[in-house]
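Data first, discussion second: the structure below is written as C-alpha cells.
The values are calculated or read from the model by the stated rules, or taken from the named source; none is laboratory data. Please read all numbers here as calculations on a predicted model, not as lab measurements. Cβ: placed from backbone, ideal geometry, glycine included. Neighbour counts: every protein chain shown. Keep in mind that these areas ignore ligands, DNA and RNA; they rest on the heavy atoms of the full protein, side chains included. Shrake-Rupley method; radii C 1.70, N 1.55, O 1.52, S 1.80 Å.
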Amino acid sequence: MATDYKRLLERSRFDPAADVEPDKILLSIGTSIVGTAGNFITLSGLPKAGKSTFISAIAGSWLGNRECFSFRSFPNGKKIAIFDTEQTNYDFYRTIKRIKKLAQKVDIFGNLDCFLLRENSTVEIINIIALYLKTNQDQIGLVIIDGILDCLDSFNDESQSKKLIRLLKRWAIIVTGK
C-alpha cells in the first residue's frame, strides 16, 4: 500500500483560520513553564545526581496539588503513571514512599499507578507502557518513565533513537488526547 503523500501534505498545511487553544500547562519550575500537554520533557544527569528525587517532587506536586522543591504541577484531575526501569525493588518502594510524603496526602494510590520494569527487556518495556496507555488513556494526565534509555538497545543507534522519539510523541498525544 503506497503512502498518500498528497493527503499528508494537505493535512499538514497551516490553516490561518484555525483557532488553536494554547497547550495546557502541566509543570513549572519557579516561574518557568517546562511542561505542557502533548509534549515530553527529559531530565538528564549523571548517576546519583538526584533525578529520582526530582521525579518524586514532580509526582508529589501532582498528587498533592502543591509546590515541591520549586516544582509545580497542574493536575487535571487525572492519574499520574510512573514506569521505573532502573531501581531495585527496595529503592523503588522508598521512592514511592517519598512521593507520598511530598504529596502530604494519606492516600495517593487512587491517582497514582507505579510499575517497576527493571527486569524487562526493551521490547517488553515499550509494549507494557503502550498497553497501559491504550487501556488507560482517558484516565492518565502525566506519565513518567524513569530510565528511558532502557527503551533502547543501543542509544548510539541514531535510527533507533529517532524511532523512540517518534513513539514518545505519539504517547504524548495519547495521554493528552490531542
Revision key, fill the gap. Extension length gain for E158 and K24 (0.36 nm per residue less Cα distance), in nm, is 45.1 nm
Study note, to complete from the structure: the stretch 1-102, convex hull of Cα, quarter of hull surface, nm² -> 10.9
Review point. Can you pull the percent of Cα pairs in the stretch 39-149 with separation above 21 Å?
Key: 33
Review point. What shape does the stretch 101-171 have by the C-alpha gyration tensor, where a ≥ b ≥ c are the square roots of the eigenvalues, rounded means a/c under 1.5, and otherwise prolate means a/b greater than b/c and oblate the rest?
Key: prolate
**Study point:** Rounded accessible area per residue of the stretch 1-156, 1.4 Å, Å²
**Key:** 66
Review point. If F83, F109 are ordered by their accessible area, calculated over protein heavy atoms with a 1.4 Å probe, which sequence runs from highest to lowest?
Key: F109, F83
Exercise for review: Between V123 and E86, with labels modelled 7 Å along Cα→Cβ, what's the label distance in nm to one decimal, could you check?
Suggested key: 2.6
Review point. If you wrap the stretch 13-69's Cα atoms in a convex hull and average its projection over all directions, what's the area in nm²?
Key: 5.9
Exercise for review: Report the accessible area of I29, computed with a 1.4 Å probe over the heavy atoms of all protein chains in place, in Å² rounded to the nearest 10.
Suggested key: 70
Check your understanding: For the chain, what relative contact order do you get, as a whole percent, if you take Cα pairs closer than 8 Å and at least 6 residues apart?
Key -> 22
Practice item. Hand me the tally of lysine pairs in the stretch 46-132: alpha carbons under 22 angstrom apart, and the pair either on different chains or 8 or more positions apart. Key: 16
